[in-house]
Amino acid sequence: MRKYFIAATIMTIAIFFSNCHGSKKATASAPALSYEGHIKTLIATDCSPCHIPAKGGNKKPFDSYANAKENIDEMIRRIELNPEDKGFMPFKHPKLSDSTIAVLKNWRDDGLREK
């Protein structure tokens, strides 16, 4: 009887430790995107000066949370166009990277958080 108890204990410990090796990393969820933390900087970098009135822009302003939130679908539509398509943005600049476009899409899909 004692041999079975020891064998069961050893097997339990072996199973427990077999699931504790370093190749299984804990997956932490990415922090939710927000206008203040992510989008504001992206817009200032990639939409300036045209859509930033403080920098002399005279196009539809995207320099506030309300304006960016209101126009996010149109922004995404236009930056996803090909450079030769009418309405492509950023005008006279290379197409934004897929990762930059993904940030805007993820912000929209995550609920358009402000902060």
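No lab work stands behind these numbers, since they all come straight from the coordinates. Just so we're clear, the structure is a prediction, and the values are computed from it rather than from any experiment. Here the Cβ is made from the backbone with ideal geometry for all residues, glycine too, and neighbour counts use every protein chain on show.
Restricted to Cα positions, what overall size does the stretch 35-109 have along the principal axes? Three whole-Å values, descending.
30, 30, 18
Pairs K59/K92; K69/K105; K69/K115; K60/K105: which exceed 18 Å Cα-Cα?
Numbers: K59/K92 14 Å; K69/K105 12 Å; K69/K115 13 Å; K60/K105 20 Å.
Violating the 18 Å Cα-Cα cut-off are K60/K105.
Which value in nm describes the separation of the simple spin-label points at E80 and K95, placed 7 Å from the Cα toward the beta carbon?
About 1.3 nm, to one decimal.
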